[in-house]
1. Residue by residue through the range 37-45, which ³J(HN,Hα) values in whole Hz follow from phi under the Karplus form 6.51 cos²θ - 1.76 cosθ + 1.60 (θ = phi - 60°), with glycine and proline marked x?
2. Looking only at GLY211, GLY102, GLY162, which one moves most when the chain is put into a Gaussian network model with springs between Cα atoms under 10 Å?
3. Given only helices, namely DSSP H runs of n ≥ 4 each adding -39500 (n - 2.57), what is the per-residue ellipticity at 222 nm of the chain, to the nearest 500 deg cm²/dmol?
4. Take LYS283, LYS146 and order them by how many other Cβ atoms sit within 10 Å, fewest up front.
5. What is the Cα coordinate range of the range 36-101 on the first, second and third principal axes, sorted by size from largest, in whole angstrom?
6. How big is the Cα convex hull of the chain in projection, averaged over all directions, in nm²?
7. For helix 23-34, report the angle its Cα long axis makes with the longest principal axis of the Cα atoms of the chain; keep it between 0 and 90° and round to the nearest 10°.
8. Quick one: helix 253-287 against the long Cα principal axis of the chain, what's the angle to the nearest 10°, folded into 0 to 90?
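None of the figures in this text is laboratory data; all of them are computed from the coordinates on show. Model, not experiment: these values are computed from the prediction. Using ideal geometry, Cβ is built from the backbone for each residue, glycine included, and neighbour counts are taken over all protein chains shown.
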Amino acid sequence: MTATAPDGARSFRWRRRSVLPGFGLSMGYTIAYLSLIVLIPLAGLGIRSASLGWDQFWKIAFDQRVVSALQLSFGAALIAAIINTVFGVLVAWVLVRYRFPGRRWLDAAVDLPFALPTAVAGIALATLYAPNGPFGMILDDWFGIKVGFTSTGVVMALIFVGLPFVVRTVQPVLEEIDRETEEVAATLGARRWRTVTRVIFPALFPAILTGFALSFARGVGEYGSVIFIASNLPYQSEIAPLLIIIKLEEHNYAGATAIATIMLVISFAMLFVINLLQAWSRKWFGHE
């Protein structure tokens with residue numbers, strides 16, 4: 001930045017100092033790190049899949065067992081992400097807007113799926129929701145709903161591991177919303193529902209989409225907590241990550257990489273659409 005006095009006096013130059021090194025070094029380190037951790041492994045996955053040839057690749061992609069596993073993985077992840085989005089926003093709202101005994105304990109419990117090993121979570125869920133488990137018996141006898149060792153159990157496990165992503169994404173944004181804006185809306189005659197939809201929701205919508213995307217992404221790749229509560233039967237309750245493990249155990253590395261590539265392409269496409277929605281929401285609500 002350069003400033004020159006009107007009378008032609010000497011100019012002064014200020015430089016913005018940063019804790020990190022210069023742009024060239026920082027950018028080089030960033031590209032190198034991302035290449036080693038993300039880009040090179042993904043490129044290797046694509047190269048390995050390309051060695052199959054199009055005919056063999058499409059044969060694997062449209063195999064009925066693979067299609068069923070992909071439908072369950074993405075369908076269950078989508079349903080769990082939608083449920084987590086609704087109830088995660090409600091949980092964040094309660095933690096931010098209300099004060100009650102045990103609030104800190106409840107706030108800490110939200111992070112439990114982050115710290116708990118997924119295998120432990122799967123065993124706990126299977127014990128509770130199995131046909132002879134305490135919750136499983138109640139749901140089956142009273143409502144006729146079977147959770148344990150079914151595709152419903154897969155959704156239950158993904159809800160458990162994905163809920164913290166929504167809560168922790170929405171909660172800080174909700175804390176930054178000034179409550180005076182709600183009071184101003186109320187003084188202008190806006191009812192509570194109109195205040196929520198016109199004042200609070202526009203500010204939260206980008207964070208809600210981010211939480212939805214994180215929950216969905218976690219659900220698609222989840223393995224440990226699912227295999228214990230699902231029966232893992234082909235064409236019924238077998239998820240795509242489990243099918244990849246089975247292919248690897250059969251030493252069918254090409255088939256495993258093909259399924260992984262299909263999951264990668266579908267996940268990237270869905271996350272790309274979600275990012276477009278986020279950009280649109282920021283532009284639209286920011287314009288409003």
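1. Result, ordered by residue: 8, 10, 5, 5, x, 5, 5, x, 4 Hz.
2. Answer for the Gaussian network model of the chain: GLY102.
3. On the way: 15 runs with 210 residues, N = 288.
About -23500 deg cm²/dmol.
4. Numbers: LYS283 10, LYS146 16.
Result, fewest neighbours first: LYS283, LYS146.
5. Reported extents, whole Å, longest axis first: 61, 34, 14.
6. Numbers: hull surface 99.3 nm².
Projected area, direction-averaged: 24.8 nm².
7. For 23-34 against the chain, the angle is about 10 degrees.
8. Its long axis makes an angle of about 40 degrees.
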